[in-house]
Structure formats: C-alpha cells, structure tokens
Amino acid sequence: MMINIVAIEDDMMFLIGLEQTLKKEPFNLIGKTDNVTEGMQLLRKTNPDLVIIDMSLKQGESGVTALSSISRSLPHLKSLVLTASSQFELALKCLSVGADGYLIKGQQPENIRAVIKTVYEGGIYLDPSFKTDFNHYFTFPNSHLIHSATSSESKEILQKFSAAELEVFQLIGNGYTNKQIATITHKPIDTIKSIIVRIFHKLNLKNRTLVALKAYELGLIA
C-alpha cells in the first residue's frame, strides 16, 4: 500500500532532496506547495495519507495555525512537522495542536522514511534531541501549554479507566501503533481501536498525540 504525501515547504533545495527521499516505495509525493493557503486546498483536493509541513514559511504564515486547521478540518490526516527549528516549546505546541510527529531537518533519508512510516502507522514521534527537555519539562513544568497533574488529580482521572484501558493508554504514551499495541496486549486490533475511542471520550481529547501527552502529564510514562 502506497503512503500518499503532500509537502508544504518553501525551501526549494530542501524540497528537491525530500522528493528524492520519497521516491522509494511505499512513499508517494502526490503534491507540494510553498504556502499554507494553497496547502489546505491541495490537501482537500488530493486527500493524502500524510502531510509534511515546515514551521518556517517565508510568507510569514503560521505553521502552528495551519496544523490546528488541519487537525480540525481533516482529523484523519497524519501530520509530520519537518523543520529547522530546535525550539522545544514550538515542538510541544505543534504536538498539542495535533501534529503526530516533529523532526528536525538534517536527517538521513532512511531516518525520514522511518519516521514517516511510524507516523503513518499511528505512532507519535518527537525528535530524540528533545529527550532531556521533555523529561525536564514534566518534572519541572514551566509552560502554559500543558501542566503536570498533581497526584490527587492523576488519581481522580485514572480511576475512570479500566485496567485494559490504562494499559492501552500507557502504550499510546510510549508511541506504539495500534498494530503494536494489539501484539503486546494479545487483543484483536478492532478491540484496541474500540478501547482507544473510549480513552478519547473519557479524556475529552480528539487526537492521539494529545492522549500521549496526557499520559506523560498523569505520570503513566516514566
């Protein structure tokens, strides 16, 4: 099965390299544009599986705003931020508005392809360079984006979940795909999907990335 991709990127030299990276199966770059307005039109027209978007667009358009719009209007579309910015708060903001992955430019082609596949299969990806920032953030929260829940808040929220739901909740937080979760838990994938729907409903969240961040917030992920 081909993975149909649209790229929103205004660095032409980088885009040429990305096109070469995506020439290998199962990747299929079906559209590209250098601005958000045309990008939204292209996404609706082509209905791809995944969008790759830069955060530093020269026309001054907000990549974060675009991600938020994509998440609202095309909730089933996977999104990967591929950008030069190594600002942790920007990465966290992108994930909080619906991005499924955040990767800093300068990667080897095989790494880009691996991350795309992870995101396409339902996983969540955060550039490894943020590991220290991410752990520090949830130990010493200092941003308005997400707060670290107190033990009493965590207990109250987690009491809503069955043991099976908590197990899946934790695995989502660790970035596992539905297929991987089904293998680990020895449950049919349709059962896993049903459990995830219940988790979304109980948390009042609309996408997998926010569920994963919530798992960190509640202390399910070490």
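The values are calculated or read from the model by the stated rules, or taken from the named source; none is laboratory data. Since this is a predicted model, take the numbers as computed values, not measurements. Because the Cβ atoms are built from the backbone with ideal geometry, glycine has one as well, and the counts that use them run over all protein chains shown.
A few points about this structure:
- Residues that are aliphatic (A, V, I, L, M) and assigned to a helix (DSSP H, G or I), drawn from the range 192-222: I192, I195, I196, V197, I199, L203, L210, V211, A212, L213, A215
- In this entry, G31 passes the filter for residues that are touching a helix residue (DSSP H, G or I) at 6+ places or on another chain (Cβ under 8 Å) and either within 20 Å of G123 (Cα to Cα) or at pLDDT 90 or above (or both).
- Count of residues meeting criterion [assigned to a helix (DSSP H, G or I), touching a residue at least 60 places away in the same chain (Cβ under 8 Å) and either surrounded by 21 or more Cβ atoms within 10 Å (Cβ to Cβ) or among the small types (G, A, S) (or both)] in the range 102-127: 3
- The set of residues in the range 19-30 being within 13 Å of I8 (Cα to Cα) and crowded, with 18+ Cβ neighbours inside 10 Å consists of L29 alone.
- Candidates I52, I8, I70: the one that is closer than 16 Å to R113 by Cα and either of a type outside the set (F, W, Y) or in contact (Cβ under 8 Å) with a residue 40 or more places away in the chain (or both) is I52.
- Failed item, numbered, when T209 is tested on (1) of a type in the set (V, I, T); (2) loosely packed, with under 13 Cβ neighbours inside 10 Å; (3) at pLDDT below 85: (2)
- D11 vs. criteria buried (at least 21 other Cβ atoms within 10 Å of the Cβ), in contact with a Lys or Arg (Cβ under 9 Å, 6 or more places away or on another chain), over 21 Å from L205 (Cα atoms) and charged (D, E, K, R): no
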